[in-house]
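Let me begin by presenting the structure, written as structure tokens, before commenting on it.
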Amino acid sequence: MAKRVAMIAVAQNAGTESKDNFYDQAYRVTKEVLDKAGMTRDDIQTIVSASSDVFHGGISCANSYYWETTGAFLKNASRQDGESLFALFYGAMRIMTGHYDTALVISLCKGSENPPLDTCTLMYSDPFYFRNVGLTETLAAALQMRLYMEKYRISEEQCAKVAVKNLRNALGNPYAHKKGRFTVEDVINSERIADPLTEMQCAPKSEGMVATILVSEEKAKKYTNKPVWIKGFGSSIDSYGIGDRELLNGQLRQAAKRAYKMAGIKNPLEDIDMAEVTEPYAFQELLWCEDLGFCRKGQGGKMIDSGMTEKNGEMPVNPSGGVLANNPYVSRGLQRAVEAFLQIRGEAGERQVEKKVKTALAHGVHGFAGQCHAVAILGR
Amino acid sequence: MGRPVAIIGVGQTYHGRRMDVSYPELVREAVMAVFKDTGLTPDDIDGVVSGTMPSMMEGIALTHFYFADAMQAVGKPIMKTETCGSTGVSIAQTAYYWVSSGAADLVLAVGHEKMNEGNSQATMTTVAEPFYQRYFISGAPGVFSMQSQMWTARYGIPEEKTRDAAAFISVTHHDDAFDNPYAHIKLKVSMEDVKNSRIITYPVRLLDVCPNSDGACAVIFASEKMVKKLKKKPAWVRGVGYRGEEYFFGDSDKVVWEAAIQAAQQAYDQAGIRNPRKELDVAEVYNPFTFQEMLFYECFGFCELGESPDLVLKGTFTRKGELPCDPSGGTLCTNPIGATGLIRVAEAALQVTGKAGAHQIPGAKLALAHAMGGVDQFNGIMILGSEL
């Protein structure tokens, strides 16, 4: 049986523009997570980072640039490109092999220095067909949202409610980039970005250096009496062409199934206490919750109306404010895991949910209309 | 440590200037080749690791999206590993850790690059940050020329000797490439041809440098259970090493190059190798530049520091020598960067399973595969053996 892996400490910085440069920001978060774990660089045996090249960072081979600031000098380290939950998985795998007992996982993204998000996501488009029609993540999401509304009679108001909830939740999150008390009308009447998506239903472009330290079961006791275990993880990728896919029946079910199987979760609504999901577009939180098994297919609208996903509901979703409040593109998946960690430990401050959290879910997604999903289950 | 892992099949494209295929078609060619080699189908695969050079290279970001179908990865768990030039070995290592962790039994690793659709040197210039280094570190040859100069100056090696040794490496590797059906550059060259070829950045000349290639490579990693079940001849992963160092070029010693020395040492320790020149049967060293190849021989402990030009000229590292290096023709003759490190791993696997064809080193049982990347920063090593 594979070895168990625990998260023992986390650190992140605020999503608003920082006057620190990339190097300093990365260094501070690395130092903070080491201090919180009671470790020095010497205690870390391997490092896995997540980042993205040129279009999300301005420098090719991004890990060349920040190598030593993440403590990786003369260490065995590697990197995942594009989505940071994969770095968490890779760090965990390295420990599961028995080669390593300690790993630092860090994701780096300085949104304020990057071009607009969709300038970057346009570069996912192949140069022959999609790029010429200007296909971006926002455009793909708008098509997906229209389909979702028409097929399941989900209203614009129900989608907007996700933004209202998450931006209100973000009031309790000192790291959140966007926050506030807004009405459904505010959200719907904000600028139309790609019909039916409005500005407040699209995530901002934020800063985010996010880090955690993983240790093997043997070493966990040495460092903490409150380990958070990585109980399961799974991912899945869909076909590239959005016309080739069922946009309302994507790969999240597969990714979740794999993570649930590994974690021994049979009934997600009962076995999971709260979830942090990546919802770069408001309606996606509803769609993803369906795929995660929190409600039946097409019932996402009714779910948000019921208040079930509110901070003190039956299944709190994104009490941190989620990605609508804070969107350091590459780092957002790992940030979800960090928030889940804090909830499990009861250290989420003002955003701590009322119910006791024993098991939590973190979700990451990137690509057109959710081409690639990753799910992690964390627990006590 | 961990569960044992073996390579059970490899697939390569015919590398070169592949204007006959699109980038996804190129990827598909390698992936279909590994399925043909193993008799497996995409349904058998538990996970896929993908990787390439940065998005500037072909102007497409996060290529695992674009190639999901070509890699036969739809509906499967995926990882996207990137570490600049060492990407190929890092992909192999990701697949290794994935299987070794117990989270998968069969993992497909795919590396790819279509360099003729972009400008590789412009891309590599964007690896250097825009404030200080970008002004003088543009592209790869500048960095490696400086490293070569530091190396010869440190040991006081006569200029003529290093020139001759580098030319000898170029001649033998170009000859070797004729026996590798997948190699890109197939050119008969003489010592004089190399020494009289166009200067790129002193002392590096055109025939001291790798080409821009289009190519992809796919490798299947399997758990011990699957090796037994499928009855495939395995190339066991015996050692896995990786090290990286400072970003700013002047901050670390590139002659006694710790990233290379320690990466090799980590892999040797796992494989129980004490005397690499004696114990290894063949090495696939990442050699985009002839001069740098000699520096690697020294850092990997194939010879003493400063000794490599003498041994090269004696033929120690040729196909008939004591430790044959790059019998495939190596990176010098074929360099689709994101695939290159994985091609080194694939070639090492072919050698220890006796399937390397015309460039087989007879009786090879233990092989080293290597890749290097970043601003002369990263080194990754994988040791493969016919026995566990």
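Observations, loosely collected:
- Helices (runs of 4 or more DSSP H) contained entirely in region A:226-322, each with at least 1 residues that are surrounded by fewer than 23 Cβ atoms within 10 Å (Cβ to Cβ), in contact (Cβ under 8 Å) with a residue 24 or more places away in the chain and among the charged types (D, E, K, R): A:252-263, A:268-271, A:300-306
- Screening B:TYR66 with (1) of a type outside the set (Gly, Ala, Ser); (2) free of Cβ contacts under 8 Å to residues at least 12 places away in the same chain; (3) over 25 Å from A:GLY91 (Cβ atoms) gives one miss only, at (2).
- Boolean, B:PHE302 is open to solvent by less than 10 Å² (accessible area, probe 1.4 Å) and on the phi < 0 side of the Ramachandran plot: yes
- Scanning region A:89-130 for residues that are of a type in the set (Val, Ile, Thr), more than 19 Å from the chain's Cα centre (by Cα) and farther than 30 Å from A:ASP35 by Cα yields one hit, A:THR119.
- Criterion (open to solvent by 10 Å² or more (accessible area, probe 1.4 Å) and among the hydrophobic types (A, V, I, L, M, F, W, C)) met by exactly one of B:ALA369, B:ALA346, B:ALA358: B:ALA358
- Within region B:1-11, considering residues that are open to solvent by less than 10 Å² (accessible area, probe 1.4 Å) and closer than 20 Å to B:GLY357 by Cα, the one nearest to the other protein chains (Cβ to nearest Cβ): B:ILE7
- Positions within region B:55-86 being open to solvent by 20 Å² or more (accessible area, probe 1.4 Å) and more than 7 Å from chain A (Cβ to nearest Cβ), in sequence order: B:GLU58, B:GLN72
- Only one of the numbered conditions (1) more than 8 Å from every other protein chain (Cβ to nearest Cβ); (2) within 23 Å of B:SER86 (Cα to Cα) is violated by A:ARG94, and that is (1).
- Selection within region A:58-74 - out of contact with any strand residue (DSSP E or B) (no Cβ under 6 Å at 6 or more places or on another chain) and facing chain B (nearest Cβ under 7 Å): A:ILE59, A:SER60, A:CYS61, A:SER64, A:TYR65, A:GLU68, A:PHE73
- Region B:95-147 - residue that is in contact with a Pro (Cβ under 9 Å, 6 or more places away or on another chain), open to solvent by less than 10 Å² (accessible area, probe 1.4 Å) and among the hydroxyl-bearing types (Ser, Thr, Tyr) and, of those, nearest to the other protein chains (Cβ to nearest Cβ): B:SER100
- Residues in region B:201-231 that are assigned to a strand (DSSP E or B) and of a type in the set (Val, Ile, Thr) were compared, and the one that is farthest from B:ASP326 (Cα to Cα) is B:THR201.
- Within region A:27-57, the set of residues being within 12 Å of another protein chain (Cβ to nearest Cβ) and not aromatic (Phe, Trp, Tyr) comprises A:GLN45, A:THR46, A:ILE47, A:VAL48, A:SER49, A:ALA50, A:SER51, A:SER52, A:ASP53, A:VAL54, A:HIS56, A:GLY57.
- Unmet criterion (only one of (1) open to solvent by 40 Å² or more (accessible area, probe 1.4 Å); (2) in a strand (DSSP E or B); (3) small (Gly, Ala, Ser)) for B:GLY250: (2)
- For A:LEU117: the one exception among (1) facing another protein chain (nearest Cβ under 8 Å); (2) buried (at least 21 other Cβ atoms within 10 Å of the Cβ); (3) in contact (Cβ under 8 Å) with a residue 12 or more places away in the chain: (1)
- Given (1) open to solvent by less than 40 Å² (accessible area, probe 1.4 Å); (2) within 14 Å of chain A (Cβ to nearest Cβ); (3) not basic (Lys, Arg), index of the condition B:GLU258 fails: (1)
- Count - residues of region B:202-245 that are within 14 Å of another protein chain (Cβ to nearest Cβ) and buried (at least 20 other Cβ atoms within 10 Å of the Cβ): 11
- Residues located in region A:102-113, provided they are away from chain B (no Cβ under 12 Å) and not charged (D, E, K, R): A:THR102, A:LEU104, A:VAL105, A:ILE106, A:SER107, A:LEU108, A:CYS109, A:GLY111, A:SER112
- Residue that is farthest from A:VAL29 (Cα to Cα), among those in region A:186-207 that are assigned to a strand (DSSP E or B) and open to solvent by 70 Å² or more (accessible area, probe 1.4 Å): A:ARG192
- Note on region A:330-377: among residues that are among the acidic types (Asp, Glu) and surrounded by fewer than 24 Cβ atoms within 10 Å (Cβ to Cβ), the one that is farthest from A:ARG168 (Cα to Cα) is A:GLU347.
- Residue within region A:90-112 that is at pLDDT below 95 and either polar (S, T, N, Q) or open to solvent by 10 Å² or more (accessible area, probe 1.4 Å) (or both) present: yes
- The helices (runs of 4 or more DSSP H) found wholly in region B:302-388 and carrying at least 2 residues that are among the charged types (D, E, K, R) and more than 23 Å from B:SER120 (Cα to Cα) occupy B:308-314.
- The set of residues in region A:122-142 being open to solvent by less than 40 Å² (accessible area, probe 1.4 Å), more than 8 Å from chain B (Cβ to nearest Cβ) and in a helix (DSSP H, G or I) consists of A:GLU137, A:THR138, A:ALA140, A:ALA141, A:ALA142.
- Taken across region A:19-28, residues that are of a type in the set (S, T, N, Q), within 20 Å of the chain's Cα centre (by Cα), farther than 20 Å from B:THR94 by Cα and open to solvent by less than 60 Å² (accessible area, probe 1.4 Å) do occur, with at least one present.
The values are calculated or read from the model by the stated rules, or taken from the named source; none is laboratory data. These numbers come from a predicted model, not from an experiment. Don't worry about glycine lacking a Cβ; one is built from the backbone with ideal geometry, like all the others, and counts go over all protein chains shown. Heads up: the accessible areas ignore ligands, DNA and RNA and are worked out on the full protein's heavy atoms, side chains in. Shrake-Rupley method; radii C 1.70, N 1.55, O 1.52, S 1.80 Å.
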